Amino acid sequence: ADAATADKTVTLTGSDAVTVTSTDADIDASAYTGAITATVNNDSAAATFQIGTTSTDLTADGTQALTIDGTGGGTLTIDGAATNTGDIAVTAAVNTVTLDDDFLGTGALSVTTGDASLTVALGTSTSSASTTVNADAAGDGETITLTGSDAVSVNSTDADIDASAYTGAITATV
């Protein structure tokens with residue numbers, strides 16, 4: 001998808017394992033049912049990547065903002081190179097979100113959940129400018145489990161927050 005420009009969206013359908021690379025185009029894999037390995041090198045424009053229904057292993061390697069839409073429902077693992085200086089915003093997460101221990105990105109990282117119980121595994125990386133988990137969309141009876149060691153700010157209106165395995169500093173508004 002490297003040839004697609006910032007004003008284009010590439011839509012993935014199918015079920016085989018796939019590897020995709022995008023420079024600046026948006027990727028819609030929300031209906032994709034196979035495993036996805038992706039690299040987003042968005043240095044010229046902000047980009048959006050909609051994850052699939054199974055698993056997405058995404059390397060963020062851009063200087064612009066990257067929005068990762070979790071409405072597809074699959075699991076998400078994020079890795080980031082040291083050249084990734086753009087902010088990363090995960091939205092509508094309803095399944096496990098994992099920040100790889102080797103993540104080197106320096107932008108802000110935010111995870112906004114949907115109405116679901118899930119784990120946000122922030123790993124041992126401490127390179128992000130800031131880390132925020134917003135669980136306001138998760139309703140009563142849902143549990144957001146946090147693991148990791150970087151400082152994090154957490155918001156939740158109704159969901160339970162289980163940070164018993166979290167070893168970093170937590171600022172919480174619940």
Exercise for review: Could you work out the local net charge near Thr98, counting Lys and Arg as +1, Asp and Glu as -1, over the other residues with Cβ closer than 11 Å to its Cβ?
Suggested key: -4
Revision key, fill the gap. Carbon plus sulfur, as percent of the 1.4 Å-probe accessible area of the range 1-119, comes to 48 percent
Revision key, fill the gap. Once normalised by the length of the range 84-150, the mean sequence separation of its alpha carbon contacts under 8 Å that are 6 or more apart gives a contact order in percent of 34 percent
Exercise for review: Please give the contour-minus-distance gain from Thr124 to Thr37: 0.36 nm per residue of separation, less the Cα-Cα distance, rounded to one decimal in nm.
Suggested key: 29.1 nm
Study note, to complete from the structure: Taking 165-171, 56-62, 109-115, 41-47 and ranking on average Cβ neighbours within 10 Å, highest first, one gets 56-62, 109-115, 41-47, 165-171
Review point. Taking amide H positions as placed 1.01 Å from N in the peptide plane, with prolines and chain starts having none, which residues 5 or more places from Ala172, or on another chain, fall under 5 Å of its amide H?
Key: Val154
Practice item. Quote the relative contact order of the chain in percent (integer), defining contacts as alpha-carbon pairs under 8 Å separated by 6+ residues. Key: 12 percent
Review point. Taking a label point 7 Å from the Cα of Ser15 along the Cα→Cβ vector, which residues of the range 31-54 have an amide N closer than 19 Å to it?
Key: 31-37, 52-54
Study note, to complete from the structure: Total charge of the residues flanking Gly80 in space, meaning their Cβ is under 10 Å from its Cβ, with Lys and Arg +1 and Asp and Glu -1, is -4
Review point. Rounded, prolate or oblate: which fits the range 4-129, taking a ≥ b ≥ c as square roots of the Cα gyration tensor eigenvalues, rounded meaning a/c under 1.5, else prolate when a/b beats b/c?
Key: oblate
Review point. What number, in percent, do you get for the relative contact order of the range 19-104 if the mean sequence gap of Cα pairs under 8 Å and at least 6 apart is divided by its residue count?
Key: 24 percent
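The values are calculated or read from the model by the stated rules, or taken from the named source; none is laboratory data. Since we're looking at a predicted model, the values are computed, not measured. Virtual Cβ from ideal backbone geometry, glycine too; neighbours counted across all protein chains shown. Surface accessibility is based on the protein's heavy atoms, side chains included, excluding ligands, DNA and RNA. Shrake-Rupley method; radii C 1.70, N 1.55, O 1.52, S 1.80 Å.
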